[in-house]
1. Since G353 meets every condition but one in (1) closer than 24 Å to A144 by Cα; (2) touching a helix residue (DSSP H, G or I) at 6+ places or on another chain (Cβ under 7 Å); (3) open to solvent by less than 20 Å² (accessible area, probe 1.4 Å), which condition does it not meet?
2. So how many residues does region 99-133 have that are touching a helix residue (DSSP H, G or I) at 6+ places or on another chain (Cβ under 6 Å) and closer than 25 Å to D298 by Cα?
3. When region 108-131 is examined, which residues are found to be over 20 Å from the mean Cα position of the chain (by Cα) and open to solvent by less than 30 Å² (accessible area, probe 1.4 Å)?
4. Looking only at residues that are without any contact (Cβ under 8 Å) to a residue 60 or more places away in the chain and among the basic types (K, R) in region 186-216, which one is most open to solvent (accessible area, probe 1.4 Å)?
5. Might you let me know whether region 370-384 holds any residue that is open to solvent by 40 Å² or more (accessible area, probe 1.4 Å) and either outside any loop (DSSP other than H, G, I, E, B) or touching a His at 6+ places or on another chain (Cβ under 7 Å) (or both)?
6. Condition first: over 30 Å from P239 (Cβ atoms) and crowded, with 18+ Cβ neighbours inside 10 Å. Can you find one or more residues in region 143-165 that meet it?
7. So which residues in region 286-314 are farther than 17 Å from L351 by Cα and open to solvent by 50 Å² or more (accessible area, probe 1.4 Å), if there are any at all?
Amino acid sequence: MKGTPMDDCGCDELARLSRRGLLRGAVAAGGAAAVFGSTVVTRAPSLAAPGDDWCLVVLSLRGAADGLSMVVPHGDPVYYQARPRLAVPADRLVAKDAMFGLHPALGALQPLWTSGRLAAVHATGLPVANRSHFSAMEQVEDAAPGSATRSGWLNRLLGTDGRGTALEGVAVGSLPTSLYGAQPVLALSRVDEVGVAGAQTLDPSDPRLASLRKAWRGNDTEMGGAMRAAIDTVRAFQPARQAADHTDAYPDSDLGRALADVARVVRGDVGAQVFTVDHGDWDMHVGLGRPDSGWMYDNNKDLAECVAAFFTDLGALGDKVTLLTISEFGRRTVENSAQGLDHGWGNVMLLAGAGVRGGQYYGTWPGLTLGGDGDLTVTTDYRSVLAEVVTKRTGRSVAEVFPGFAPEPIGVVTA
């Protein structure tokens, strides 16, 4: 991904994760899976059917983005005391109110903000601070603390409709923990790479396909079922491959290509409703940069321009697509000696598109402090934001998706 390489971020843990490939490439965990080229399909008993008029895109900012550099609390004087070299001057912010403003590199999001389709919820996060990338990431994506069930919240969301089809959940890039679980999902690198290796076409008469079907016909093992399901899923995905590719209208970045593929799948109308995309890395222990240049500026600019291009590309289809950003934790309030920010706690979530009551900032601001751990205190459990999206946009059961959790109303999403 665009930005300073993870190995140079100053964080040993994230560098190890990167080298182990946990944040990149298509992988599958749990259940049977079949691999065709770069595509991973977990076992699907039947094919997807287009239906409900909602789509959800979860954009993960890997490496723990600094929410205070994205949505700047310029009205809190401690912000400027804590960051004499990194703070963004108030007169450079966009979409500014009395307390907050967007980083100037997020300027491409201004039209979405002005039109009421972009909002931010500040001081969100896990109810208890967790400064480990790996552990916090797993907690955020499981979203079921204390549960013995190993499944992600998006996989549980997919399981509430009883379809059990692989095309309902699509991971563009790596398969996140949020999609792990009993429900079949599809992970892909690029839309054009979803196919069967060696097959010239996806017509049943293709020799390669015919050979594979014959080889696995009557095989009652889990692998046999997975292979047949994978072949059927790849064939059902063809309308997405045939949909117009508008990648050239996006920034030339991994995120641009990923969101272009998401839009293409939405246009293909193959029944996909949940998408995951990663954007990283954001682990800026050293050299965060200045308000008008550097690592944070580049990441914010890429994020904003890609999201803006995504909704432009979707056009009227954007009326059914809700996008939200999430990160495992935030950064410390006080800058460090390397002009970076160490692991913290609270963060910000951005929401855009369908159902979002945009043009304003949400959440309860706790006030920044210089003492102690210097964290942004979490005042809104991130699951309350997710639960509102689930309730208002999908109509699914919050109790099933977030077992044992009682969300508080935020008001950022409407039906």
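The values are calculated or read from the model by the stated rules, or taken from the named source; none is laboratory data. Computed from a prediction, not measured in an experiment: that's the story for all the values here. Cβ: placed from backbone, ideal geometry, glycine included. Neighbour counts: every protein chain shown. The protein model used for the area step is the full one, side chains on, heavy atoms only, and it has no ligands, DNA or RNA in it. Shrake-Rupley method; radii C 1.70, N 1.55, O 1.52, S 1.80 Å.
1. Of (1) closer than 24 Å to A144 by Cα; (2) touching a helix residue (DSSP H, G or I) at 6+ places or on another chain (Cβ under 7 Å); (3) open to solvent by less than 20 Å² (accessible area, probe 1.4 Å), only one is false for G353: (1).
2. Counting residues in region 99-133 that are touching a helix residue (DSSP H, G or I) at 6+ places or on another chain (Cβ under 6 Å) and closer than 25 Å to D298 by Cα gives 11.
3. Within region 108-131, just G116 meets the criteria.
4. Start the filter on region 186-216 by keeping residues that are without any contact (Cβ under 8 Å) to a residue 60 or more places away in the chain, which leaves 192, 198-216.
Narrowing the set further to residues that are among the basic types (K, R) leaves 208, 213-214.
On the way: R208: 99, R213: 72, K214: 149 Å².
Within region 186-216, the match that is most open to solvent (accessible area, probe 1.4 Å) is K214.
5. Keep residues of region 370-384 that are open to solvent by 40 Å² or more (accessible area, probe 1.4 Å), which gives 370-373, 377, 379.
Applying the additional criterion that residues be either outside any loop (DSSP other than H, G, I, E, B) or touching a His at 6+ places or on another chain (Cβ under 7 Å) (or both) yields none.
No, because not a single residue in region 370-384 is open to solvent by 40 Å² or more (accessible area, probe 1.4 Å) and either outside any loop (DSSP other than H, G, I, E, B) or touching a His at 6+ places or on another chain (Cβ under 7 Å) (or both).
6. Taking region 143-165 first, the residues over 30 Å from P239 (Cβ atoms) are 143-150.
Those still in the list that are crowded, with 18+ Cβ neighbours inside 10 Å too: 143-144.
For region 143-165, residues over 30 Å from P239 (Cβ atoms) and crowded, with 18+ Cβ neighbours inside 10 Å: present.
7. Start the filter on region 286-314 by keeping residues that are farther than 17 Å from L351 by Cα, which leaves 286-299, 313.
V286, R290, D292, S293, Y297, D298 - these are the residues of region 286-314 that are farther than 17 Å from L351 by Cα and open to solvent by 50 Å² or more (accessible area, probe 1.4 Å).
Residue-wise test of (1) without any contact (Cβ under 8 Å) to a residue 60 or more places away in the chain; (2) under 28 Å from G164 (Cα atoms); (3) basic (K, R).
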position: V262; (1), (2), (3): no, yes, no
position: R267; (1), (2), (3): yes, yes, yes
position: H285; (1), (2), (3): no, no, no
position: P291; (1), (2), (3): no, no, no
position: C306; (1), (2), (3): yes, no, no
position: D319; (1), (2), (3): yes, yes, no
position: I326; (1), (2), (3): no, yes, no
position: V348; (1), (2), (3): no, no, no
